[in-house]
Structures are given as structure tokens and as C-alpha cells.
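Scroll down for the structure; my scribbles are underneath it.
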Amino acid sequence: DAGITQSPRHKVTETGTPVTLRCHQTENHRYMYWYRQDPGHGLRLIHYSYGVKDTDKGEVSDGYSVSRSKTEDFLLTLESATSSQTSVYFCAISQTSGRVQETQYFGPGTRLLVL
Amino acid sequence: GQQLNQSPQSMFIQEGEDVSMNCTSSSIFNTWLWYKQDPGEGPVLLIALYKAGELTSNGRLTAQFGITRKDSFLNISASIPSDVGIYFCAGQLNSNYQLIWGAGTKLIIKP
């Protein structure tokens, strides 16, 4: 299994509070991703990073920010959590190889409940 | 945004039956990937396809990259209880490194 951990694994928070989720990898992969998964929607990309301090928005980036100060860590922050951000959040990593992206490997997920 | 249409949404099958699912899109993809997700875990890659027309097997699983590059199929032969889970297709467009995901096919084996 790829060395990807996410913390916390479960979190309950209140509307309006800030929340930070952490993804840590030991594979030295260049690309890191944050997805959210909701019933009927599959996986939707929030933000991704293509190197240290290099990030870009995904499909559903509103209300989220990210930071990557080290290759191994990618942080996802909900500045002011809302109930619509209740979801399961997955981190993924990949290495690129020319024009073809290598496989994305996923972490175990973080279940976030915003009350 | 780009979309993948994955069908069926769910399947109820008997143990031992063969299973087929597919993903289609109006866009052309460079890469097709098939993942499986077990409850409480992240998706795990099953098969990766990189060329139009490519047919690749992984044990009882076989996937094909459609020749139009707009679709892909996954077949599971002689299903067993551990095949239960949600199967996702994902495609990579030519323009960037992002993956576009299908909504998933939930496989349930009838007792």
C-alpha cells in the first residue's frame, strides 16, 4: 500500500468554525490531491498540488483553501465550516510520467460532520 | 464541467454470475482507470488503460478502452462475495492531469 495517512480520521465540528485536515505521504510523489465524496457524486476534486507551494483549484474549490509547504504534507482548510461541507474527504497522490499521469493512490479518508 | 456517465448505478447479482459495467463521455480521454472502493476505505486501483482498443485483465477482471476513446468497460467474471463494493471509472483528459470520475456502480451480491 502507498504510504498515505490522513488525520484526523473522524471529526465533528460546528458551523462557522475553521477546520484543517492533513494528508501525509512517505512516497515522495510530486502530485497531491484533495477530493470530497458524497452519495451520487462520486469523487470531486477540491484542490490539487503539483509541487511545494504550487497548488491549483479543482471542480469544487469554493470554501476551501490548501497549503503545501513540504513535499510530504498537503493541508486542506475549511475557513468557516458549513453543513454543506459534511462529507468524506480523500487525499490522493501520484507521480507524473511524461504526458500520461501515473496512478492515483488514495488515503483512508476523513469523515467530517458539520453541525 | 466534464462528466462521465457510469452505469448501472447499482447491481444485484447472484454469486457466480458475470458482471458488466461501463462509462461513457462526450469527451475524448487519454487514460481510463477503474477503481474499487470498500466501505470505510479509499478507492484502490484495479486496472489502468492507456491506449484506444486496449484490453487488460487483472484476475477475473477485464477492462477495455473503447476505440472511440470516449468509453470504457469493466467485466467481472464468476463473481464472489468479496467483489461487493463500489466500482468507479475515471478518465484523464488530454489537457491536464486531473481525473474525471464517474458516480460509481454499487455491486451487491444476493444471498
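The values are calculated or read from the model by the stated rules, or taken from the named source; none is laboratory data. Given the structure is predicted, the values throughout are model-derived calculations rather than measurements. Using ideal geometry, Cβ is built from the backbone for each residue, glycine included, and neighbour counts are taken over all protein chains shown. SASA here: full protein model, heavy atoms, side chains in, ligands and nucleic acids out. Shrake-Rupley method; radii C 1.70, N 1.55, O 1.52, S 1.80 Å.
Would you confirm whether any residue within region B:71-91 is farther than 30 Å from A:GLY51 by Cβ, of a type in the set (Asp, Glu) and open to solvent by 40 Å² or more (accessible area, probe 1.4 Å)? Checked against the condition, which is being farther than 30 Å from A:GLY51 by Cβ, of a type in the set (Asp, Glu) and open to solvent by 40 Å² or more (accessible area, probe 1.4 Å), region B:71-91 yields no hits at all. Selection over region B:23-45 of residues that are open to solvent by 40 Å² or more (accessible area, probe 1.4 Å) and either touching a Phe, Trp or Tyr at 6+ places or on another chain (Cβ under 7 Å) or free of Cβ contacts under 8 Å to residues at least 24 places away in the same chain (or both) gives a count of 4.
Scanning region A:73-93 for residues that are in a loop (DSSP other than H, G, I, E, B) and either of a type in the set (Val, Ile, Thr) or open to solvent by 10 Å² or more (accessible area, probe 1.4 Å) (or both) returns A:GLU79, A:SER80, A:THR82, A:THR86. Those strands (runs of 3 or more DSSP E) of region B:38-95 in which at least 2 residues are more than 14 Å from chain A (Cβ to nearest Cβ), considering only elements entirely within it, cover B:55-58, B:61-65, B:71-76. Considering only residues that are open to solvent by 20 Å² or more (accessible area, probe 1.4 Å) and in a strand (DSSP E or B), which ones fall in region B:102-111? Passing the criteria: B:LYS106, B:ILE108, B:ILE109, B:LYS110.
Taking the residues in region B:46-58 that are more than 25 Å from A:GLY107 (Cβ to Cβ) and hydroxyl-bearing (Ser, Thr, Tyr) as candidates, determine which candidate is least open to solvent (accessible area, probe 1.4 Å). Ranking the qualifying residues of region B:46-58, first place goes to B:THR56.
If you scan region B:21-37, which residues turn out to be assigned to a strand (DSSP E or B) and more than 9 Å from the chain's Cα centre (by Cα)?
B:THR24, B:PHE29, B:ASN30, B:THR31, B:GLN37
The strands (runs of 3 or more DSSP E) found wholly in region A:31-72 and carrying at least 3 residues that are modelled with pLDDT of 95 or more, away from chain B (no Cβ under 12 Å) and under 13 Å from the mean Cα position of the chain (by Cα) occupy A:64-70. Filtered by the rule that a residue be in contact with a His (Cβ under 6 Å, 6 or more places away or on another chain) and at pLDDT below 95, region A:95-115 gives a lone residue, A:GLN95.
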